[in-house]
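The values are calculated or read from the model by the stated rules, or taken from the named source; none is laboratory data. Quantities reported herein were computed from a predicted structural model and do not represent experimental measurements. Because the Cβ atoms are built from the backbone with ideal geometry, glycine has one as well, and the counts that use them run over all protein chains shown.
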Amino acid sequence: MAQAVAEAIQKNYLNEKQGLLSWLLTTDHKRIAILYTFSITGFFFLGGFFALMMRLELLSPTNWLVSSETYNKLFTMHGTIMVWFFLIPSIPNTLGNFLIPMMVGAKDLAFPKLNLASWYVFMLGGGVTVYALVRGGVDTGWTFYTPFSTSYSTTYVVAAAVGIFIAGFSTIMTSLNFIATIHRMRAPGLTWFRLPIFIWSMYANSVILVLNTPVLAITLVMVGVERIAKVGIFDPALGGDPVLFQHLFWFYSHPAVYTMVLPGMAVISEIVPAFSRKPMFGYKAVAFSSVAIAALSFLVWGHHMFVAGESVYVAMAFSFFSFCVAVPSAIKVFNWTATMYQGSVSWDTPMLYAIGFIGLFTIGGMTGLMLAVLGLDVHLHDTYFVIAHFHYIMVGGTVMAFLGGVHYWWPKISGKMYPEGLARISAAIVFIGFNLTFFPQYVLGYLGMPRRYAAYPEEFQMLHVLSTAGATILGVGYVLPLCYLIWAWYYGRGATPNPWRATGLEWKTPSPPPAHNFEVTPVVTAPRPYDYEAMKEELQLV
Amino acid sequence: MSKSATLACREQFRTPAQQRETASVGMWIFLANEVMMFGALFTAYTVYRASHPQAFDIGSADMNIMLGSINTALLLTSSLMLSFAEHSAQAGNRRLIALFLILTMIIGAVFLGLKFTEYYQHFQEHKAPGVWFNDSSPYANSIQMFFVFYFIMTGLHAVHMIIGIGILAGLLFRTIIGTMTAEYHTPILFGGLYWHFVDIVWIFLYAIFYLPGLHL
Amino acid sequence: MITNFRLWPVSASSVAGQFNLLFVVLLILCTLVSVAIAIFLIYSVIRYHRKSENELGSQKRYNIPIEVAWTVIPFILFMAFYVWGANLYFHIERPPDNAISMYVVGKQWMWKIQHPEGQREINELHIPVGRPVKLTMTSEDVIHSFFVPAFRTKQDVLPGRYTMTWFEATKPGKYHLFCAQYCGTKHSGMIGWIYAMNPVDYQNWLTQGAPEGSLASNGEKYFHQFGCANCHHFNNQGRCPDLRNLYMRPVLLTTGQTVTADDSYIRRKLHDPDAQVPWGFSAGVMPNFTGIVSEEQILALISYIKALGPQPGTQEPSSSGAAPTQYGTQKGIGGPGATSNAGSQVEKR
């Protein structure tokens, strides 16, 4: 205990330089990760507030809280903020930024100044989008379908498009940084197949982002040009094709959804071995499945358009590839569960979130399969079934993984422990609240309740009331960690360098780490990843 | 330690070779990113060309093939000048580096001048899309679509050129103050790569906008 | 709230039963897998619960047979459902030949429906039970989507294009109609009802309405009103093709391509006349009717042109090479160079 306290007072990245400017002008990837954490937490609660307003409105079959115009803006802003300002940046720019250099044994990312610039670009993009919000919001849906967004909406479409366009550059900069770092800055002895799965998944994730984000950027530019100059790119009356927009948009957005789940899988792939005290089962299969998901994700965009007017044969091709991309995800789920088998499994909070992820991601993934079935999608498309599906993956998946990762690496990042009992209770509240919110939405969906409806037929009300009740519980579940983690930052018990006794280079540094991570570049000699055997003595395990 | 040597191996790297390789990976990834950006536009253009072949043919024929060809020759020459600059950098010859960088920038500026002249011509001839467009042929809408893509794609290219000139100016500055040496001239190599890429994009733009009008 | 609650949607079309079977089988399979994984997770957490602070787990790293098994078996199962689903989809997307055609124009924020007999409906559609009904649909403004949960069908309705959906009601009743593609402020108000009636009731309903005459007779009215009759004479002396026997025939274009004169072809002629010029005729002759003729008037004109010619599915003329008499001796349609037994292309979607 005394040693831990002594270590905490040592110079580390948090106390080395003081003052606001030392934070705003830092090039230390760990501090930049903290800057990002503030940003995405803010955006999360903003997007969550919009969700709460929507759920409250949906308590009644008729408009009671907000008008239809406002409701349409609520779901648009909820989607826009959550997708681009929370889900895509969350794990990569917070945990990824913090951990990638440490996990590969480097002193920082390849391009530290680019890293800082990416945060400013992100905040600029966020600022412009919030400007659009403050000026009155956008009502096109986060999907900006034409010709509604180009020729009919009277809201601040161009401003929102500009905000997202700018934020996209931040994503590209970060992803480029990660790819270069993982390729070229690994410590001596750290070959590809000794890397933690976190790195493999973040690498695949970054490759997707570098390739798909520019397509979104250009698509938004075309929407903006059309809106301002009215030149008919997507206007059928002037020879344009509104469905072309959908192809371009989903070519970006489908890989984008995988960039929201791959980082979550990255986190889970670290937590499960650590809390089972076992190497990742089927390591190579899991590593390659990340790459396979990245590659296949570019081949399935048309499954959002089965009833949009695309040809039957094209639809069949997209359905086929959609089934293919489910295979690597299934491989991951099986390997995670196999990792726990005959392990030494603890129930600490990160593991609770990880188990929750595996279960909920499985359900979300199965319903994704249902949507990939052509004959079923005709009925289920654009209903609450789809909403439930993607929330199971993104909230039951990514958000739970994010929380799990934050708890897992909290001792490393802050040098303190979080309160375990309260954390477990919060995890349970999140799990219960989540399922109560979103499971009824599957039923609503196959019963035929369409998406984006402010008012609905009375027979759907009971399910909506259940869902809103769940949302309130879920909200409480999210506010609790915000409170106790802030408390723990200042008053938590001091943490040792490796409180979980996990493998991985990040655990070889003090908690919190010094500014340059490693005084001496580590040399990796353990022949295999997650080498508990080789590190038995060091970790004091029997 | 000289400024150049510090820059050649910044804190996060173990050796200058590692830094150089990392910069290389970074720039190539960035170029892949740029390919996807222009690629989206090329794809949309192709879709509309396939569905409006006659109109796009007329649009192509209306392009100023002379200016387009001069511009192509100019850009190719500028890339050649830049290659000489890169060569001089390897030899460490500061004066020559600066000379060739300046030549590259001048040629780039001439390119932009000709481009904007062409744009002005299009405005005069009522071919600029939007309120300025005026065409009475039955294909008017589709011809406007051709010019929409022309302006967006060559406009995006011009933006990249302007940024490229800015990058070259930065490299020129660093050459003059002496931080580009035979040991460390990575920025010239990879900044140069960006310029070469922008040049290649132009070749494709020339091919899809100007050449079809020749009916070869 | 509680009394109306259902756990399973009404099934009222010929397709619904097939949908239900596929959905339930897949649902059961997915539930079994999810439950199996959940059980395994809970089992592992309890059975292998860490017993002491420094306990290590087993160090097994891989098992190739198991990896292969849980890759190949899911893939095979996936492919089975893929084929099953694709089959159902094909069926959903291909209307039977004997379907009654009706026409839908969607606009912010209502559905305008026209029966061939002339009845117009807004946000309601009366159909007979036991007969397939094919809807040809277009939008006047943004993208909408025609969704009838009880029939398990949905199809986006696009501006500038025709899309199609079909269904055969199996039970009389009143079923929800929803717009399923976000289309602006009153998207959640763009709803209505499908009334499936047994055939006798449907006939009675039909005879009640249509003071304005059938769709095709309205089309004839527009044909004269908009001046089409001035050029499209019913002989081969006009500057424009004779439109008799045109509908669903192959047409040779000046570009050498052959297309089918379906609904989309006719609509395109009105909006973009020089895009597809028949062989033997010139561009720049037919005026552009964009903004002059409304979507509903176009549908009426199409019904009229349909009434002028052979019905879809009629036998093609022989391949003797002589100009077939059904075409008339007119330029363009079946003209020089066109194969006289060109099979109709699959109706474009």
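Would it be correct to say that C:Ala169 is among the hydrophobic types (A, V, I, L, M, F, W, C), within 20 Å of A:Leu444 (Cα to Cα) and either touching a Pro at 6+ places or on another chain (Cβ under 9 Å) or modelled with pLDDT under 95 (or both)? Taking the combined requirement at face value, the residue does not satisfy it. When you look at A:Met366, is it more than 10 Å from every other protein chain (Cβ to nearest Cβ), among the aliphatic types (A, V, I, L, M), touching a helix residue (DSSP H, G or I) at 6+ places or on another chain (Cβ under 6 Å) and surrounded by fewer than 24 Cβ atoms within 10 Å (Cβ to Cβ), yes or no? Against the criterion (more than 10 Å from every other protein chain (Cβ to nearest Cβ), among the aliphatic types (A, V, I, L, M), touching a helix residue (DSSP H, G or I) at 6+ places or on another chain (Cβ under 6 Å) and surrounded by fewer than 24 Cβ atoms within 10 Å (Cβ to Cβ)), A:Met366 does not qualify.
The single condition among (1) at the interface with chain A (Cβ under 9 Å from one of its Cβ atoms); (2) outside any loop (DSSP other than H, G, I, E, B); (3) free of Cβ contacts under 8 Å to residues at least 24 places away in the same chain that C:Phe19 does not satisfy is (3). For B:His160, state whether it is at pLDDT 95 or above and out of contact with any strand residue (DSSP E or B) (no Cβ under 7 Å at 6 or more places or on another chain). Yes.
Return the residues of the range B:145-186 that are out of contact with any Pro (no Cβ under 9 Å at 6 or more places or on another chain), in contact (Cβ under 8 Å) with a residue 60 or more places away in the chain, part of a helix (DSSP H, G or I) and within 15 Å of B:Phe100 (Cα to Cα); say none if nothing qualifies. Listed by number, the residues that qualify are B:Ile165, B:Leu168, B:Ala169, B:Leu172, B:Thr175, B:Ile176. Restricting attention to the range B:108-144, the residues that are assigned to a helix (DSSP H, G or I), within 23 Å of the chain's Cα centre (by Cα), buried (at least 21 other Cβ atoms within 10 Å of the Cβ) and of a type in the set (A, V, I, L, M) total 0. Scanning the range A:275-285 for residues that are in a helix (DSSP H, G or I) and either surrounded by fewer than 23 Cβ atoms within 10 Å (Cβ to Cβ) or among the aromatic types (Phe, Trp, Tyr) (or both) returns A:Phe275, A:Tyr283, A:Lys284, A:Ala285. Condition check for C:Trp205 on (1) surrounded by fewer than 21 Cβ atoms within 10 Å (Cβ to Cβ); (2) touching a residue at least 40 places away in the same chain (Cβ under 8 Å); (3) out of contact with any strand residue (DSSP E or B) (no Cβ under 6 Å at 6 or more places or on another chain): one failure, at (3). Would you mind stating whether A:Ile197 is more than 16 Å from the chain's Cα centre (by Cα), facing another protein chain (nearest Cβ under 10 Å) and under 19 Å from A:Val104 (Cα atoms)? Spelling it out, it is not the case that A:Ile197 is more than 16 Å from the chain's Cα centre (by Cα), facing another protein chain (nearest Cβ under 10 Å) and under 19 Å from A:Val104 (Cα atoms).
Answer with yes or no whether A:Pro273 is under 27 Å from B:Asn33 (Cα atoms) and either within 14 Å of chain C (Cβ to nearest Cβ) or at pLDDT 95 or above (or both). Considered against the rule, which asks whether it is under 27 Å from B:Asn33 (Cα atoms) and either within 14 Å of chain C (Cβ to nearest Cβ) or at pLDDT 95 or above (or both), A:Pro273 comes out as no. Each residue in the range B:77-106 was checked for being part of a helix (DSSP H, G or I), among the polar types (S, T, N, Q) and without any contact (Cβ under 8 Å) to a residue 24 or more places away in the chain, and 1 of them qualify.
Scanning the range C:55-106 for residues that are surrounded by 15 or more Cβ atoms within 10 Å (Cβ to Cβ), more than 10 Å from chain A (Cβ to nearest Cβ) and closer than 30 Å to A:Leu541 by Cβ yields a total of 0.
Scan the range C:189-228 for residues that are charged (D, E, K, R) and either modelled with pLDDT under 90 or closer than 20 Å to C:Leu177 by Cβ (or both) and the total you get is 2. Of everything listed in (1) within 10 Å of chain B (Cβ to nearest Cβ); (2) assigned to a loop (DSSP other than H, G, I, E, B), the single unmet condition for A:Gly189 is (1). Picking from residues in the range A:453-467 that are under 28 Å from the mean Cα position of the chain (by Cα) and surrounded by fewer than 21 Cβ atoms within 10 Å (Cβ to Cβ), the one that is nearest to the other protein chains (Cβ to nearest Cβ) is A:Val465. Quick check on A:Tyr408: is it buried (at least 22 other Cβ atoms within 10 Å of the Cβ) and either at pLDDT below 95 or more than 23 Å from C:Ser58 (Cα to Cα) (or both)? Considered against the rule, which asks whether it is buried (at least 22 other Cβ atoms within 10 Å of the Cβ) and either at pLDDT below 95 or more than 23 Å from C:Ser58 (Cα to Cα) (or both), A:Tyr408 comes out as no. Kindly establish whether C:Phe5 is of a type outside the set (Val, Ile, Thr) and either more than 8 Å from every other protein chain (Cβ to nearest Cβ) or part of a helix (DSSP H, G or I) (or both). It is false that C:Phe5 is of a type outside the set (Val, Ile, Thr) and either more than 8 Å from every other protein chain (Cβ to nearest Cβ) or part of a helix (DSSP H, G or I) (or both). Taking the criterion of being in contact (Cβ under 8 Å) with a residue 24 or more places away in the chain, surrounded by fewer than 21 Cβ atoms within 10 Å (Cβ to Cβ), touching a helix residue (DSSP H, G or I) at 6+ places or on another chain (Cβ under 9 Å) and among the small types (Gly, Ala, Ser), would at least one residue in the range A:293-307 satisfy it? For the range A:293-307, residues in contact (Cβ under 8 Å) with a residue 24 or more places away in the chain, surrounded by fewer than 21 Cβ atoms within 10 Å (Cβ to Cβ), touching a helix residue (DSSP H, G or I) at 6+ places or on another chain (Cβ under 9 Å) and among the small types (Gly, Ala, Ser): absent.
Keeping to the range C:266-288, report how many residues are buried (at least 20 other Cβ atoms within 10 Å of the Cβ), closer than 16 Å to A:Ala237 by Cα and in contact (Cβ under 8 Å) with a residue 40 or more places away in the chain. Result for the range C:266-288: 1. Looking at the range A:329-351, which of its residues are more than 16 Å from C:Val33 (Cα to Cα) and either more than 9 Å from every other protein chain (Cβ to nearest Cβ) or more than 21 Å from the chain's Cα centre (by Cα) (or both)? If the condition is that a residue be more than 16 Å from C:Val33 (Cα to Cα) and either more than 9 Å from every other protein chain (Cβ to nearest Cβ) or more than 21 Å from the chain's Cα centre (by Cα) (or both), then A:Thr339, A:Met340, A:Tyr341, A:Gln342, A:Gly343, A:Ser344, A:Val345, A:Ser346, A:Trp347, A:Asp348, A:Thr349, A:Pro350 are the ones that fit.
Considering only residues in the range A:134-149 that are of a type in the set (Val, Ile, Thr) and more than 10 Å from chain C (Cβ to nearest Cβ), the one that is surrounded by the fewest Cβ atoms within 10 Å (Cβ to Cβ) turns out to be A:Val134. Number of residues in the range A:527-542 that are surrounded by fewer than 17 Cβ atoms within 10 Å (Cβ to Cβ), within 8 Å of chain C (Cβ to nearest Cβ) and more than 33 Å from the chain's Cα centre (by Cα) equals 3. The residue that is surrounded by the fewest Cβ atoms within 10 Å (Cβ to Cβ), counting only those in the range C:178-202 that are without any contact (Cβ under 8 Å) to a residue 60 or more places away in the chain and out of contact with any Ser or Thr (no Cβ under 9 Å at 6 or more places or on another chain), is C:Val200.
The residue of the range C:252-288 that is nearest to C:Thr163 (Cα to Cα), among those that are of a type in the set (A, V, I, L, M, F, W, C) and within 23 Å of the chain's Cα centre (by Cα), is C:Ile266. Every listed requirement among (1) modelled with pLDDT of 95 or more; (2) in contact with an Asp or Glu (Cβ under 7 Å, 6 or more places away or on another chain); (3) of a type outside the set (Lys, Arg) is met by A:Ser151 save one, (1). The criterion of at least 2 residues that are charged (D, E, K, R), crowded, with 18+ Cβ neighbours inside 10 Å and over 17 Å from the mean Cα position of the chain (by Cα) is met by the following helices (runs of 4 or more DSSP H) wholly inside the range B:1-76: B:16-51.
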